[in-house]
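Below is one structure, written out as structure tokens; comments come after it.
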Amino acid sequence: MMDSVDPRTASLRDALSGDAAAAEHLLMAWLPEVLGWCMRLGGPKVDASDAAQDVGIVLWTRLHEIRDPDCFPAWIFQVTRRVLAAHRRRAWIRRWVGPVPNRYAASAAAPDRGDLSHRVQATLERIPTRQREALVLVYAEGRTVAETAHLLGISPNTVKSRLRLGRLAFREAAEATGLDPDWEIPAQEAAP
Amino acid sequence: MSRDLRLLQDWGRATQPTPAHVREVADRLQDRGCFGSPAEASLHGLPAPTPHDLTRTRGGLARRLADLPLARTRPLRAGRRVAAIAAVAAVVAVIVLPRPDRVLSERLESPADWQERAPTSEVALRFQGSGSLSGTAHSPEITWETGRLEVSVLPEHDVHLVVETREARVIVTGTAFVVERSVAQGSVVSVSQGTVEVVCRDEGLTSVGAGSRKDCPPVSAYGWLARALLLQDRHAAAGEVLASAETGLKRPDARGAVAEELGAIRILALADLGRDTEALAAAEAYLGRGHTTREDEVRRTAVRLARVVGGCARARPHLEVLAATDPEAASLLAACTRGDLP
């Protein structure tokens, strides 16, 4: 399984036994992944930074409840999923206070990248949640079917089924949102 | 790989969080209390003194101070004597007089996951939902808004805890219980240890012992509407649905769309129970008041009931209204007109 070769789990057992420094290392090691899930699965109405913080708080305060270290990746994904669901439910309030500012949208120098990313996100928003998760985890994040199955707590065959249905739904949704599959999204620029 | 999947791959790479973004989130987590030092963590892990510990310590100190002879001190000048007396009085006051009760004020918010709190050493909370904590350490008060709240209070520690919801007031002196609240359900108090006193808003006080529960129903027309809809979704008995609708209609705040919806649900429940004459009268009164909520559904129900009660003649007025937009009603009206139906 994924975490048997994942170097981040080196600190997991120490963290579970109460080592605060190991817990801090574990949180920092998983934060990029959690933030990526929040950005890609949260949708345009959710502030990914806020959601990632909430997941971090849960991890920090409830790490001691984990009994099986092998289940940690699935546990943290399920926590992220539940936090995102809560943020989505609260997001309707933002209709009245204004849109969530996206500080990581494309700059004025490269407007196309932001627009394309938003179109892909808008397209993904139109397909069912479970299929969207499978598409993002496998195709956008490069996980294998087995790794994705472990993360989601389902069988590999179910993952394949969701991918198959998700691809069809994505194509259909892309036609509705005007997303042209021949467009290219430039790679992200390196951080300063 | 198809072009769609390549697009998703590119999008995945383009949306990888930057180190700056990760650092920003980590900084905000630190501001919120994560990443404490090991020394801090071990400090937080120390148990807080219980009131019993404090009382015993104060008593012991007071006895030791009472044994000290004041005469052995050298004579003080007047100013120093006054200062010494004031200092002794302050120490005695701190030891003997009861200390002010610690004020509690905290928002309890966890819609997604279970959270645990121990606001004092005698009270433990576990919750998934939202509410607020106020009052003092000896008299905590929890206003519970929605979700599930589990409470445990150590007995014989002079703690008087109250949980309030919109429907109930739960008074606790040493027990373990659960409060679940939702708009449709109202408030349900389940006791696992000890005894609690529950006051439902529209009822008197009830003592609830271990292994028992008390349901405090909704106190608003909207709450009863939510309950009636929930019962319908669960395919509950028509009698239960009818009772919820009629109780809701009696609430002083039953008006507007809520009252119309409750009225429609009542009509459908009466029809399901076979109380046709009563249901038809209610449906015709509903339609006569010009309600638009569920108008078509109520009118179709009126047609069905009218045919049972009085045949085509009774159903005709309703059929004539429906026929304009409903082909099935139009053909039924035509059949009645031709005399094909009684």
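Taking the stretch B:106-160 only, how many residues are closer than 20 Å to residue A:62 by Cα and of a type outside the set (S, T, N, Q)?
23
Restricting attention to the stretch A:77-90, does a residue exist that is outside any helix (DSSP H, G or I), surrounded by 15 or more Cβ atoms within 10 Å (Cβ to Cβ), among the basic types (Lys, Arg) and at pLDDT below 85? So that I can check it myself, show each step before the final result.
Initial filter on the stretch A:77-90 (outside any helix (DSSP H, G or I)): none.
Looking through the stretch A:77-90, none of the residues is outside any helix (DSSP H, G or I), surrounded by 15 or more Cβ atoms within 10 Å (Cβ to Cβ), among the basic types (Lys, Arg) and at pLDDT below 85.
Can you find, within the stretch A:23-32, the residue that is surrounded by the most Cβ atoms within 10 Å (Cβ to Cβ) among those that are under 14 Å from the mean Cα position of the chain (by Cα) and within 9 Å of chain B (Cβ to nearest Cβ)?
If we filter the stretch A:23-32 for residues that are under 14 Å from the mean Cα position of the chain (by Cα), which is where we start, we get A:30-32.
The next check asks that each one be within 9 Å of chain B (Cβ to nearest Cβ); those that pass are A:31-32.
On the way: A:31: 22, A:32: 18.
Per the stated criteria, the residue is A:31.
Of the residues B:154, B:161, B:133, only one is under 30 Å from residue A:55 (Cβ atoms), in contact (Cβ under 8 Å) with a residue 24 or more places away in the chain and hydrophobic (A, V, I, L, M, F, W, C); which?
On the way: B:154 fails: under 30 Å from residue A:55 (Cβ atoms); B:161 fails: under 30 Å from residue A:55 (Cβ atoms).
B:133 is the lone residue from the list that is under 30 Å from residue A:55 (Cβ atoms), in contact (Cβ under 8 Å) with a residue 24 or more places away in the chain and hydrophobic (A, V, I, L, M, F, W, C).
Give just the number: which of (1) assigned to a helix (DSSP H, G or I); (2) within 9 Å of chain B (Cβ to nearest Cβ) does residue A:18 not satisfy?
So residue A:18 meets the others, but not (1).
Could you give every pair whose Cβ atoms fall below 6 Å, whose first residue belongs to the stretch B:210-235 and is aromatic (Phe, Trp, Tyr), and whose second residue is assigned to a helix (DSSP H, G or I), counting only separations of at least 6 or pairs across chains?
Sorted first by the residue in the stretch B:210-235, then by its partner, the pairs are B:222/B:258; B:224/B:244; B:224/B:247; B:224/B:248.
Determine the pairs where a residue that is closer than 15 Å to residue A:29 by Cα, located within the stretch B:16-41, has a partner that is of a type in the set (S, T, N, Q) and at pLDDT below 80 with Cβ atoms under 9 Å apart, the partner being 6 or more residues away or on another chain.
So the pair list comes out as B:16/A:188; B:18/A:188; B:34/A:61.
Within the stretch A:38-54, identify whether any single residue is at pLDDT below 80 and surrounded by 15 or more Cβ atoms within 10 Å (Cβ to Cβ), and answer yes or no.
Yes, because at least one residue in the stretch A:38-54 is at pLDDT below 80 and surrounded by 15 or more Cβ atoms within 10 Å (Cβ to Cβ).
Taking the options B:280, B:332, B:322, name whichever one is at pLDDT 90 or above and not charged (D, E, K, R). Spell out how you get there, then give the answer.
Values: B:332 fails: at pLDDT 90 or above; B:322 fails: at pLDDT 90 or above.
Just a single option satisfies the conditions, and that option is B:280.
Go through the stretch A:122-141 and give me each residue that's at the interface with chain B (Cβ under 10 Å from one of its Cβ atoms) and either surrounded by fewer than 19 Cβ atoms within 10 Å (Cβ to Cβ) or in a loop (DSSP other than H, G, I, E, B) (or both).
Once the filter is applied, which keeps residues that are at the interface with chain B (Cβ under 10 Å from one of its Cβ atoms) and either surrounded by fewer than 19 Cβ atoms within 10 Å (Cβ to Cβ) or in a loop (DSSP other than H, G, I, E, B) (or both), the stretch A:122-141 yields only A:141.
The values are calculated or read from the model by the stated rules, or taken from the named source; none is laboratory data. Keep in mind that what you see is a predicted model, and the values were worked out from it rather than measured. Glycine also receives a Cβ, built like all others from the backbone with ideal geometry; neighbour counts cover every protein chain displayed.
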